[in-house]
Structure formats: C-alpha cells, structure tokens
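Structure first, then comments.
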Amino acid sequence: MSTRARRRAVLPAVLLVPLLLTACGGGHEGHGSSEPVGAASDAPASAGYNDHDVMFLQMMIAHHKQGVEMARVAAERAQGTKVRNLAAAVAATQSEEVKTMSSWLRTWSKPLTSDHPAGAHAAHGGMPATGAKEIRTLKQTTGAGFEPAFLNLFVGHQHGAVEMADTELSKGGNADAKAFAKRVKESRTDQIRQMLGLLNG
C-alpha cells in the first residue's frame, strides 16, 4: 500500500467514532475501598462514586476486552516488529486494567456488565467503534493487508476510549476512577499518535 493510500485509509477509522458523550446517571453515593489498581497503582479507590463512574467502568471493561482480543491477534500476525510490540503491550496493560476495574465494581457491589438498555449506552458514548463483525473481519485478513487493517481499526477503537475517559473526567464522581480515566486518555492518545505514525511512515 502506498503512503498516500495509507493516509487515506486511516480517515474512516478516525471519523467512525465522533463520540460526543453525555452523562446519564445521578449522584448516588457509595462507600468502600478497592483492591490494588493492578499495574497502574497500588492505592485503594476512594469511597464516593456516582452512576457515571459505574457506567464508565462497565463500558470500559467491555471496550478493553475487545481491544485485548484484537491486540493479541496483531501481536501474532503483524509483519512489523513495532506493531507486534505495541499490540503485545496493549494486550498486557489492558488485561491488568480489566482486573482493576472489575475489582472496583465488585467492591461497590455493582455488576461487571450494565443492565441498562442499549439506548442508554449510546447516550454515554457506549456504541463501540468496533464490534464482533469488525473483529471477525480483522481475523480473516491476512498477508500485507493485515497490519494497516489492524492499525486503522485500532485507531478508531482507542479514540473511543479517549472519548469515554473525557466524559468520566467531567461527569464522574470517584477520584480514583477519574485518575484512571486521565491515565487512559493520556496513554491511548499516545498510542493513537504512534499508530498514525506507523500508518503514514
């Protein structure tokens, strides 16, 4: 694929997820502490949380699991060492983050998945940038076409994580969930920058 074609290819993935998120929940307060924050931190979560904190963690767990699934495929199949290394790092980090988020929800006596209708997720930006169809298509892609397909798809996917983190930062109530959202925003923004560089390099 030419450099110009690669640059054109990345645009649909970026435009795929203009997720302008809004809060749906009220401010119901909870209490409790969390298990260690996996690789991110060893401090327990602070006591208070609101409905958006819960929805953010539930959606982010599902989002992370999709990312881990795609990254593991790329870690094995991508032709370039830089892409394989990035994918392996993403899979490891996000697996640990799923454990952290799950521990917080369990501490708050909340389910790991949301029981809200699908429409409620859309209002929180919960419509994923990727789904089963896109992941299945990626898994069926082979040869030289796999790497740009993964990078394009994952740029959009991680952009969705940034948007969800942005909304948690403005609407969330739990200090540690918001600190986690800040780390997600920073790290995924950096990943997007790396992936765009790999596509356009």
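The values are calculated or read from the model by the stated rules, or taken from the named source; none is laboratory data. Values in this document were obtained by computation on a predicted structure and should not be read as measured data. Quick reminder, even Gly has a Cβ in these numbers, built from the backbone with ideal geometry, and neighbours come from all protein chains shown.
Key figures for this structure:
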{"quantity": "Hits in the range 136-187 - residues which are in contact (Cβ under 8 Å) with a residue 40 or more places away in the chain, under 16 Å from residue 94 (Cα atoms) and among the β-branched types (Val, Ile, Thr)", "calculated": "155, 184"}
{"quantity": "Unique match (being buried (at least 19 other Cβ atoms within 10 Å of the Cβ) and at pLDDT 95 or above) among 45, 92, 88, 78", "calculated": "78"}
{"quantity": "For residue 173: the one exception among (1) in a loop (DSSP other than H, G, I, E, B); (2) out of contact with any Phe, Trp or Tyr (no Cβ under 6 Å at 6 or more places or on another chain)", "calculated": "(2)"}
{"quantity": "Of all residues in the range 172-185 being surrounded by fewer than 22 Cβ atoms within 10 Å (Cβ to Cβ) and more than 23 Å from residue 69 (Cβ to Cβ), the one that is nearest to the chain's Cα centre (by Cα)", "calculated": "182"}
{"quantity": "Pair list, Cβ under 7 Å, 6 or more apart: the range 84-97 residue part of a helix (DSSP H, G or I), other residue surrounded by fewer than 15 Cβ atoms within 10 Å (Cβ to Cβ) and small (Gly, Ala, Ser)", "calculated": "93/39; 96/39"}
{"quantity": "Positions within the range 117-150 being assigned to a loop (DSSP other than H, G, I, E, B), at pLDDT below 95 and surrounded by fewer than 18 Cβ atoms within 10 Å (Cβ to Cβ), in sequence order", "calculated": "117, 127, 131, 142"}
